Amino acid sequence: MIGGQTISGFVIAYNEDARIGDCLESMKWADELVVVDSYSTDATVEISRRYTDKIVQRQFDGHVAQTAFAFSQVTGDWVLWLDADERLTPQAADEVRRELERPGGPAYDGFAFPRKTMYLGKWTTHGGWYPQHKVRLARRAAARVVGGEPHPELTVDGRVKRLAGDILHLSFPGGVMDYARRSLSYADIAARTRFAQGRRAGWTSILLKPVGAFLKSYVLKRGFLDGVPGLAVGMGTAFHRFTRELRLWELGREGSDGCAGG
């Protein structure tokens, strides 16, 4: 309990035994920890039990839905959310304590942390990947999970403050190929979501959006300062946009063919 208020932390996970321990370790000061597991086949649950007995197993039905479900399981006055491949730095935890212990109570209803991602052996600090503030701590009564697949977000009805302490993001442990596989998967999910919303893609978006994404990441966001990893981020961002738009175009053509055939 901090400043007379309880803190709950939650994580969703599937086969994260290599990373979830450090994630939960960085939140162990919270009054309550909740892990929602999608029936992992590795040691994720066993490791989680070292930190909490509040483990719920639930079939995964999308990133947004799973995160919203996990949010609904916590009971604290404040909610802290991390992904299994993230860690809250001691600096960030100290800032949280200072904010919640302010005389008269916290002046804000939510807090956003800069997220720093490790990629190709380097902490990326440019290219749009940093500071990339994420709202991950909020007054439970004022917050809800929203977003489009595959990117859930925590929205807050009230004032949000950006903090200086980082969340460390240890994603893509398999390097380039891990990034490529995940990018393809996320591009398909994003394209399907957009298609369901009635959005379509044409040759102009297929051509121009990847180019624009690269220039924004590598030039405007100074990705070139991160060396080869910065180039990889820029090219990877362009690749994701290209795949997403091409897949959206493909879905539109399949829908048109289906209608024509019917």
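Quick notes on this structure:
- Across region 61-76, the qualifying residues are those that are surrounded by fewer than 19 Cβ atoms within 10 Å (Cβ to Cβ) and more than 17 Å from Leu24 (Cβ to Cβ), and the one among them that is farthest from the chain's Cα centre (by Cα) is Thr75.
- Residue count, region 60-86 (criterion: among the polar types (S, T, N, Q) and either closer than 15 Å to Cys23 by Cβ or touching a helix residue (DSSP H, G or I) at 6+ places or on another chain (Cβ under 9 Å) (or both)): 2
- Take the conditions (1) surrounded by fewer than 15 Cβ atoms within 10 Å (Cβ to Cβ); (2) more than 26 Å from Arg222 (Cα to Cα); (3) outside the structural domain of Asp94 (by TED's automatic domain parsing); Arg159 misses just one of them, which is (3).
This table checks each residue for (1) at negative phi; (2) surrounded by 12 or more Cβ atoms within 10 Å (Cβ to Cβ); (3) under 18 Å from the mean Cα position of the chain (by Cα); (4) of a type in the set (Val, Ile, Thr).
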| position | (1), (2), (3), (4) |
| --- | --- |
| Tyr186 | yes, yes, yes, no |
| Ile189 | yes, yes, yes, yes |
| Arg247 | yes, yes, no, no |
| Glu250 | yes, yes, no, no |
| Glu254 | yes, no, no, no |
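- Taking region 27-44 as the range and being of a type in the set (A, V, I, L, M) and surrounded by 18 or more Cβ atoms within 10 Å (Cβ to Cβ) as the test, the residues that pass are Met27, Ala30, Leu33, Val34, Val35, Val36.
- Whether a residue is at pLDDT 95 or above, over 19 Å from Ala141 (Cα atoms), crowded, with 17+ Cβ neighbours inside 10 Å and of a type in the set (Lys, Arg) was assessed, and Arg58 does not pass this test.
- Of Pro106, Pro131, all but one fail to be in contact with a Leu (Cβ under 7 Å, 6 or more places away or on another chain), farther than 20 Å from Val11 by Cα and not charged (D, E, K, R); the exception is Pro106.
- Residue ID - farthest from Phe71 (Cα to Cα), chosen from residues in region 1-26 that are of a type in the set (Val, Ile, Thr) and buried (at least 20 other Cβ atoms within 10 Å of the Cβ): Ile20
The values are calculated or read from the model by the stated rules, or taken from the named source; none is laboratory data. Computed from a predicted structure; not experimentally measured. A quick note on method: Cβ atoms are made from the backbone with ideal geometry, for glycine too, and the neighbour counts reach across all protein chains shown.
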